[in-house]
Amino acid sequence: MMKFETASLTARIRQEAGRIGFFKVGITPVKPLLRAAFFDEWLGRKMHGEMDYLARQADKRKSPHLLMENARSFLVLGMNYYSGDNPNSELLKGRISRYAWGMDYHLLMQDRLKKMREFILREAPQAHALCYVDAGPVMEKAWGAESSLGWMGKHTNLISRELGSWFFLGAILLDLELDYDVTETDGCGSCSRCISACPTGAIVAPYVVDARLCISYLTIELRGPVPLSLRPQIGNRIFGCDDCQEVCPWNRFATVTGEADFHPGDGDRLPDLISLVNLMPAQFKDRYRESAIRRARRDGFVRNVVIALGNSHREEAVRVLSTALNDPSPLVRGHAAWALGQIGSKRARFLLQTASLTEVDPQAHAEIETALQNQT
């Protein structure tokens, strides 16, 4: 493809991306990834926690040629999801990460990327294209940071000078050569607000997040018990955490998205915690069938809810926590025991003593005994 044709196609791609709803597209050549060595070190230090798929797919994540032999270009496309300020939270309300307030972004992004791919193939029928939305072995943030889309902030989210960090990423891998961006420069400077704001100290160094400490990991990816020492820091967060982004100065440039599907429905920003404890699997699936919250699965989500109720230290939570002590899931029962221990009332202690006589799961029973011991 001749240079003037490449420039023309690149311009048309950018124009089409804006037309179908992406606020910006970064375009970078496929090349050795600058963050590859860092990624290997991060995995070696086990900072990915139980996300074993990251290690299994490490070679593909670093080498797009393993996904497409003749790969030449990466398009990394950003879609704004900012839907307004986070409301003031209340103790018996659950905080949900802003990205999960509306429809599951995978659904909308996949549709838009498919349209983008169809446009490219109409313009260049000989091309091949693969699309990814946070589901394949592609490091969208790292490739985005190789383009003009943004830079990797100290909290490891991609930051755009135009809109801050409240945007989703999609990627298209192409076997076409295009006109490439000048890489965006790092705009964090000496700022360390995100590091100071992290409730659990998960940003262990600038540009380094230990997922094992991150509330987003703990409430979404972790399938088993949340470490005891970290439960109080979770507060009333029941799905994800936005604290590092909330304090970022670049987010003063955020503008409200025009995508109606990213705006929250009733009860999706600060849901009532007590009403969520008794969600059974079918109810959870029905309520969150088009929400990113499905990722946490029913038992993990209810586990998060009972942790938040324990952190409320409110006596009115005891009644519903007594129900959670009999939940079908040992994971939920164990965390309900911890939550009752945090409330520490006479009624809570009585419930724990009673449950200690009937609990058959070893881990849940150990949680009950620990909660009782902490009350003495």
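The values are calculated or read from the model by the stated rules, or taken from the named source; none is laboratory data. Just so it is clear, the model here is predicted, and its values are computed rather than measured. Here the Cβ is made from the backbone with ideal geometry for all residues, glycine too, and neighbour counts use every protein chain on show.
Every test in (1) more than 18 Å from the chain's Cα centre (by Cα); (2) farther than 27 Å from Val332 by Cα; (3) assigned to a helix (DSSP H, G or I) is passed by Val256 save one, and that test is (3). Considering the conditions (1) closer than 28 Å to Arg349 by Cα; (2) among the basic types (Lys, Arg); (3) touching a Phe, Trp or Tyr at 6+ places or on another chain (Cβ under 8 Å), Arg294 is excluded by exactly one of them, (1). With respect to (1) in a loop (DSSP other than H, G, I, E, B); (2) crowded, with 20+ Cβ neighbours inside 10 Å, the lone exception for Met109 is condition (1).
Within the bounds of region 66-79, is there any residue that is assigned to a helix (DSSP H, G or I) and over 24 Å from Ile293 (Cα atoms)? For region 66-79, residues assigned to a helix (DSSP H, G or I) and over 24 Å from Ile293 (Cα atoms): present.
Residues in region 115-149 that are free of Cβ contacts under 8 Å to residues at least 60 places away in the same chain, farther than 29 Å from Asp52 by Cβ and assigned to a helix (DSSP H, G or I): Arg117, Glu118, Leu121, Arg122.
Checked against the criterion of being assigned by TED's automatic domain parsing to the domain that holds His313 and under 26 Å from Tyr53 (Cβ atoms), region 205-215 has no qualifying residue. Among the conditions (1) surrounded by fewer than 15 Cβ atoms within 10 Å (Cβ to Cβ); (2) over 17 Å from the mean Cα position of the chain (by Cα); (3) modelled with pLDDT of 95 or more, Arg72 misses just one, which is (1).
In region 14-62, the qualifying residues are those that are touching a strand residue (DSSP E or B) at 6+ places or on another chain (Cβ under 6 Å) and among the charged types (D, E, K, R), and the one that is surrounded by the most Cβ atoms within 10 Å (Cβ to Cβ) is Lys24.
Just the residues that are surrounded by 16 or more Cβ atoms within 10 Å (Cβ to Cβ) and either in the same structural domain as His155 (by TED's automatic domain parsing) or farther than 20 Å from Arg294 by Cα (or both), please, taken from region 254-267. Residues satisfying the conditions are Ala254, Thr257, Glu259. Against the definition (aliphatic (A, V, I, L, M), surrounded by fewer than 19 Cβ atoms within 10 Å (Cβ to Cβ), in a helix (DSSP H, G or I) and outside the structural domain of Glu90 (by TED's automatic domain parsing)), how does Ala282 come out, yes or no? Taking the combined requirement at face value, the residue satisfies it. Selection of region 80-103 for residues being more than 30 Å from Asp181 (Cα to Cα) and part of a strand (DSSP E or B) yields Lys93, Arg95, Ile96. Pairs meeting the criteria (first residue in region 232-252 and under 21 Å from Asp186 (Cα atoms), second residue surrounded by 24 or more Cβ atoms within 10 Å (Cβ to Cβ) and of a type in the set (Gly, Ala, Ser), beta carbons under 8 Å, at least 6 apart or on different chains) are Cys248/Gly153; Trp250/Gly153; Trp250/Ser160. Within region 50-65, if we keep just the residues that are closer than 30 Å to Gly224 by Cα and part of a loop (DSSP other than H, G, I, E, B), the residue that is modelled with the lowest pLDDT turns out to be Gln57.
Among the residues here, His65 does not qualify as crowded, with 18+ Cβ neighbours inside 10 Å and farther than 26 Å from Leu163 by Cβ.
Residues of region 291-304 include none that is more than 22 Å from Arg223 (Cβ to Cβ) and not basic (Lys, Arg).
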